[in-house]
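Worksheet: the structure to be examined is printed underneath.
The values are calculated or read from the model by the stated rules, or taken from the named source; none is laboratory data. What you see is a predicted model, and the numbers here were worked out from it, not measured in a lab. With ideal geometry, Cβ positions are generated from the backbone for all residues, glycine too; neighbour counts draw on all protein chains shown.
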Amino acid sequence: MLYLVGVLVIALGIALSIALHEIGHLLPAKLFKVRTTQYMVGFGPTLWSTRRGETEYGVKAVPLGGYVRMVGMFPPRPQDGGRLRAGSSNPFHQMIEQARADSLEEVRPEDHDRVFYRLPVWKRIIVMAGGPLMNLAISAVLVTLMLTMHGLPTVLTTVSSVSDCVVTGTEDTGCEGRPAAPARAAGLEVGDTVVAVNGTPVEDWGQATYLIQNSGERATFLVERDGARRTLTADLAETEGYLRAPDGTLVLDPDGDPVLGPVKFFGASGTFDYVPQPASEAPAVVGEMFTGTARIVLTLPQRLVDVAEAAFSSQERDPEGPMSVVGVGRVGGEIAQDGLTEGDTLVDRWWFLVSLIASLNMALFVFNLIPLLPLDGGHIVGALWEGVKKAFARVTGRPAPGPVDTAAALPVAYVVAVALLGMGVLLIYADIVKPIRLT
């Protein structure tokens, strides 16, 4: 039951995200008086629709996107004195002309000033950027709620376990013939709270680990036990471990993997918990999400090659790689059922689902800004190019050019659409036969 609930939460989150994305296009289009004939969530056959004024609102059978139909998306063919262009029998030219004809077929005489292509450049940019910006806003709001109401996963300085002996590597757990761990020899107990290391106050276990790793042969610890504070002294051991930065975070190599190196070993672990953060922390977290998502999008071709290799071999999937809606739903179900880590409560699982939906909206924001049709970024680039041409004409005293012929880019749009379809099929197959598991 919990698995099903998780899948349904993700499905509903995706549907609402798509619906709000399209509202991000619809509202400015109506504000700028563009005649909008349809607002649809999904593709394919219509399951339900209703008409309000000049716009039909509805839901279609395939919930993998949506659209707002605006009259006059493509301008008429540039005037050429009535002559047929060279290569007008080319199927690509025929495709372009048919798209222009279909676009202009809906234009009524009274729609002369209500077609999309006649909008000023800045208004067209607002209309087309409205969808992605809506996804960015959703992501930012969800992240802020998660940070302030639930918090970030943090390892606190309250001791949850004390090692029995010195461990000489990241995967070495045997204790036979080993000396006692420095923490145990110093008298540290489960439930103690480390207040300071070598006189430096610490707020989380990462900071404490950094100070321990960079201590000499001996370190002092101010700990609180049963309301009283005491000082413990430990003779540290030399071992190999993951290096920490001064703020307590792991040091990463250029590939994003933790860096191993010689460190001082203490032999204790902090307590994992979620700590609420001030709203002022949200912009930094949203920025990190954007950077990480942009990195994935920029390296998408190579990542898809990796997905294909994993899907058709024994190779493991990259847990930070792309997933289809099937994979995201599967992860949502597993998190709802089992939690991300041992001991996660239902509340923890719920907020992870919220963070997953926030990540999806960030992905929609970044992906839709790719400057290729049929994505929103393709229309934005077309409007920007028209603005540049008009500005150049004003500066040079030339006549203002007409609208940019975005219909001419339709062959590219169809290639991109086929590529997106192929990517979706590959990811769905990989998510079925070789799913990413975060639990």
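Quick notes
- Subset of region 217-249 that is of a type in the set (Ser, Thr, Tyr) and part of a strand (DSSP E or B) - its residue that is surrounded by the most Cβ atoms within 10 Å (Cβ to Cβ): Thr239
- Scanning region 319-340 for residues that are in contact with a Ser or Thr (Cβ under 8 Å, 6 or more places away or on another chain) and buried (at least 20 other Cβ atoms within 10 Å of the Cβ) yields a total of 2.
- With a requirement of 3 or more residues that are loosely packed, with under 15 Cβ neighbours inside 10 Å, the helices (runs of 4 or more DSSP H) lying completely within region 341-439 that satisfy it span 376-396, 410-433.
- Arg100 touching a residue at least 40 places away in the same chain (Cβ under 8 Å), of a type in the set (Lys, Arg) and either in contact with a Leu (Cβ under 8 Å, 6 or more places away or on another chain) or on the phi < 0 side of the Ramachandran plot (or both): yes
- Complete set of residues in region 135-160 that are under 14 Å from the mean Cα position of the chain (by Cα) and either under 20 Å from Asp348 (Cα atoms) or among the aliphatic types (A, V, I, L, M) (or both): Leu136, Ala137, Ile138, Ser139, Ala140, Val141, Leu142, Val143
- Qualifying residue in region 140-149 (condition: touching a helix residue (DSSP H, G or I) at 6+ places or on another chain (Cβ under 8 Å), of a type in the set (Ser, Thr, Tyr) and farther than 17 Å from Phe265 by Cα): yes
Here's the yes/no breakdown for (1) hydroxyl-bearing (Ser, Thr, Tyr); (2) out of contact with any Gly (no Cβ under 9 Å at 6 or more places or on another chain); (3) more than 28 Å from Val347 (Cα to Cα):
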| position | (1), (2), (3) |
| --- | --- |
| Arg229 | no, yes, yes |
| Asp235 | no, yes, yes |
| Thr249 | yes, no, no |
| Asp253 | no, yes, yes |
| Leu260 | no, no, yes |
| Val263 | no, no, yes |
| Gln277 | no, no, no |
| Met289 | no, yes, no |
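- Among the candidates Thr193, Thr157, Thr148, Thr168, residue that is of a type in the set (S, T, N, Q) and at pLDDT below 90: Thr168
- Scan of region 1-47 for residues that are under 17 Å from the mean Cα position of the chain (by Cα) and among the polar types (S, T, N, Q), ordered by number: Ser17
- Number of positions in region 273-293 that are part of a strand (DSSP E or B) and not hydrophobic (A, V, I, L, M, F, W, C): 2
- Val190 part of a strand (DSSP E or B), without any contact (Cβ under 8 Å) to a residue 40 or more places away in the chain and either of a type in the set (A, V, I, L, M) or surrounded by 12 or more Cβ atoms within 10 Å (Cβ to Cβ) (or both): no
- Condition check for Ser355: of a type in the set (Ser, Thr, Tyr) and more than 30 Å from Tyr210 (Cβ to Cβ): no
- Candidates Gln315, Gln302, filtered to the one that is modelled with pLDDT of 90 or more and of a type outside the set (Phe, Trp, Tyr): Gln302
- Selection count, region 116-157, where residues are surrounded by fewer than 23 Cβ atoms within 10 Å (Cβ to Cβ), more than 20 Å from Gln277 (Cβ to Cβ) and of a type in the set (Val, Ile, Thr): 3
- Of the residues making up region 193-208, those that are in contact with a strand residue (DSSP E or B) (Cβ under 7 Å, 6 or more places away or on another chain) and in a strand (DSSP E or B) are Thr193, Val194, Val195, Ala196, Val197, Pro201.
- Residue list for region 280-306, restricted to those being in contact with an Asp or Glu (Cβ under 9 Å, 6 or more places away or on another chain) and either over 15 Å from Ala363 (Cβ atoms) or among the basic types (Lys, Arg) (or both): Arg303, Asp306
This table checks each residue for (1) on the phi > 0 side of the Ramachandran plot; (2) buried (at least 21 other Cβ atoms within 10 Å of the Cβ); (3) at pLDDT below 95.
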position: Leu2; (1), (2), (3): no, no, yes
position: Gly6; (1), (2), (3): no, yes, yes
position: Ala11; (1), (2), (3): no, no, yes
position: Ala15; (1), (2), (3): no, no, yes
position: Leu20; (1), (2), (3): no, no, no
position: Ile23; (1), (2), (3): no, no, no
position: Leu31; (1), (2), (3): no, no, no
position: Thr37; (1), (2), (3): no, no, yes
position: Val41; (1), (2), (3): no, yes, yes
